[in-house]
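Chemist: Dumping the structure here so I can ask a few things about it.
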Amino acid sequence: MLSFKTVTLCDKAWVDEIVRKENSPSADYNFGNIYIWDKYYRQLICRFGDRMLTKLRYEGKPAFVFPIGSGELKPAIEALREFAAFRGYPLVIRGITGRHREQLEALYPGQFVFEPETKNFDYIYRAEKLATYSGKSMHGKKNHCNRFEAENDWRFVPLTRELIPGCLDMLVEWNEDNRARLDPSISFEHDALIRAFAAYERLDLEGGVLTANGRIVGFSLGEMASDDTFDVHFEKAALAVNGAYPMVCRELTRMLLAKYPKLAFINREDDMGFESLRQSKLSYKPEYLLEKYIARGKDEESGDS
């Protein structure tokens, strides 16, 4: 029987090894995201050969994440099926990309029902486009950046431990300024961000900080998800400062392109089903949306253990 455990920083080395083998642009698998969102999803992990098995609670119900890694997939799925049956709840697998769906359908033809989770689709962008805002469709973003540069004595520097207190001060102001329009679930994002800052170096996170006239007006951080894709976990900027958001996005991308020659895409993660966030992410003109599905085993009893 599988033995799941709470995620700790000590798990990073073996999880990173498996994530590298998976080499997926998805935001769901990299260790940083698993660790910092643990309070919200209550994730438990287990190594199964060269694959990682993950159990979590999503919207109050138990589920698993697709077993990423290498080696045979079927034994891992069967291990999840056995565990779910033992615990008395159905086999529900989340975070399934199109490639994963093809693998499951090939191994288990007609045995799973797949449901798209549109609110969890990742927005994937060409790094070069975010670094330049070139083209007519991005003209507005470029204009905002031009205005910001004209109106401010600005700098964009790598995020370091010394800058985190200033970012936290800006985050307090950001929460106050946006309180009226924010969903209550934003508290979980706040907790995840604090967790990210607390273990910033040990998680190998990286990011940047935007200042205007000596004051922090934006920051962003994340980690590499695959050989050619960087996953942005958080991006915050002062709404009152015109152009701060597109500047943070542009400058972080430029910084990453200088560091990673193979970088081609930026994953700015999902919209959580919020229309305002969806419109904001669409305004940056994604290259594509990484589709994700829930797989449910057919003819299984539903449960809620």
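Chemist: Need the full-extension length gain, residue 155 to residue 228, defined as separation in residues times 0.36 nm minus the C-alpha distance. One decimal, nm.
Modeler: That pair, residue 155 and residue 228, stretches by 23.6 nm at full extension.
Chemist: Against the globular-protein guess of 2.2 N^0.38 Å, express the Cα radius of gyration of segment 81-147 as a ratio, rounded to two decimals.
Modeler: The reported ratio for this selection is 1.89.
Chemist: Same structure, new question: Once you place label points 7 Å from the Cα toward the Cβ at residue 113 and residue 14, how far apart are they in nm?
Modeler: 3.6 nm
Chemist: With a 1.4 Å probe and every protein chain left in place, tell me how much accessible area residue 44 has, in Å² to the nearest 10.
Modeler: Approximately 50 Å² of residue 44 is accessible to the 1.4 Å probe.
Chemist: Suppose every Lys and Arg Cβ carries +1 and every Asp and Glu Cβ carries -1, with no other charges. What dipole size does the chain come out with about its Cα centre, to the nearest 20 debye?
Modeler: 320 debye
Chemist: What full-extension length gain, to one decimal in nm, is calculated for residue 82 and residue 136 as 0.36 nm per residue of separation minus the Cα-Cα distance?
Modeler: Full-extension gain reported as 14.1 nm.
Chemist: A further question follows. Given the Cα-Cα distance of residue 103 and residue 143 and 0.36 nm per residue of separation, how much length would full extension add, in nm?
Modeler: Value of the extension gain: 9.9 nm.
Chemist: Sticking with this structure for a sec: Just list whichever of 129/281; 119/292; 21/259 have alpha carbons separated by over 18 Å in the model shown.
Modeler: 21/259
Chemist: At 1.4 Å probe radius, can you tell me the per residue accessible area of segment 32-170 in Å²?
Modeler: 48 Å²
Chemist: What is the distance in Å between the Cα centroid of segment 1-51 and that of segment 246-280?
Modeler: Here the two parts' Cα centres lie 23 Å apart.
Chemist: Okay, next question. How about residue 55: which aspartates and glutamates have a C-alpha closer than 16 Å to its C-alpha, ignoring those fewer than 8 places off in the same chain?
Modeler: Cα-Cα hits under 16 Å: 11, 28, 38, 78, 82, 304.
Chemist: Quick check for you: which residues of segment 213-254 have the amide N under 15 Å from the point 7 Å beyond the Cα of residue 285 toward its beta carbon?
Modeler: From segment 213-254, the list is 250.
Chemist: Could you work out how far helix 139-151 tilts from the main Cα principal axis of the chain, as a 0 to 90 degree angle to the nearest 10?
Modeler: Helix 139-151 sits at roughly 50 degrees to that axis.
Chemist: I've got another one for you. Given a 1.4 angstrom probe, I'd like the percentage of the accessible area of the chain that is carbon and sulfur, rounded to a whole number.
Modeler: 51 percent
Chemist: Residue 144 accessible area, nearest 10 Å², 1.4 Å probe?
Modeler: Answer for residue 144: close to 80 Å² accessible.
The values are calculated or read from the model by the stated rules, or taken from the named source; none is laboratory data. Note that the structure is a prediction, hence the values are computed from the model and not measured. Positions of Cβ are backbone-derived with ideal geometry, glycine not excepted, and every protein chain shown enters the neighbour counts. When the accessible area is computed, the model is the full protein with side chains, heavy atoms only, and any ligands, DNA or RNA have been set aside. Shrake-Rupley method; radii C 1.70, N 1.55, O 1.52, S 1.80 Å.
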